[in-house]
Ligand SMILES: [Zn+2]
Ligand SMILES: [Zn+2]
């Protein structure tokens, strides 16, 4: 038991997304505002685009004591880096998500009637925003990010990004059937 409490305290001190709610008390209606920039504790995003670990995460949140627990609402935003799904060049952007997350008090009706993976819990006077943020950012980011809305991608023949190729970049390719005719024509030309 003591070990478990220790592990929780350690986790709380490590992640900047674990917020202490003890100052809120348990009077329904009491409120705390958080305007803070913290360091992202992990890479948050999808395969091709994400907020990098260590990037600044801007928290603009309100914590409110309600009868069942602590309601956290507001926005979280951060810079994203990724790779264009068409031309593979690096992309940079910004993502902002809205949070509305209830964390139930340990002895509330919500605590008794829901699983902790459905609704978060107030644990040792803290709420952990990491999973809700990971979930919301995952939904907000595109699975196929583009460097620009009209990215024309890579040359299908040589693979260079067409945006940086010379104007009208193309490869002269003869259809194999025409190639045979051309050879025949050359042959006839030689004979005549
Ligand atoms: Zn691109
Ligand atoms: Zn090419």
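Throughout, read-outs are computed from the coordinates displayed, never taken from laboratory work. Keep in mind that this is a model prediction, so the values were computed, not measured. Here Cβ is always computed from backbone atoms with ideal geometry, including for glycine, and neighbour counts include all displayed protein chains.
What's the exposure ranking of 174, 71, 17, going from fewest to most Cβ atoms within 10 Å? Intermediate values should be presented prior to the final figure.
Numbers: 174 10, 71 17, 17 22.
Sorted ascending by nearby Cβ count, the order is 174, 71, 17.
Rank the residues 158, 147 as a footprinting-exposure proxy: fewest other Cβ atoms within 10 Å of their Cβ go first. Mind showing how you got there, number by number?
Numbers: 158 10, 147 21.
So the residues, fewest neighbours to most, are 158, 147.
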Taking neighbour Cβ counts within 10 Å as the exposure measure, how do 40, 65, 89 sort from fewest upward? 89, 65, 40
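Using square roots of five times the C-alpha gyration tensor eigenvalues, list the equivalent-ellipsoid semi-axes of the stretch 28-108 in whole Å, biggest first. If you can, show how the numbers build up before the last one.
Details: eigenvalues 212, 31, 19 Å².
Its equivalent ellipsoid spans semi-axes of 33, 12, 10 Å.
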Principal axis dimensions, largest first and in whole angstrom, of the chain by Cα: 103, 30, 29
Could you tell me how far the Cα centroid of the stretch 16-89 sits from the Cα centroid of the stretch 138-168, in Å? 31 Å
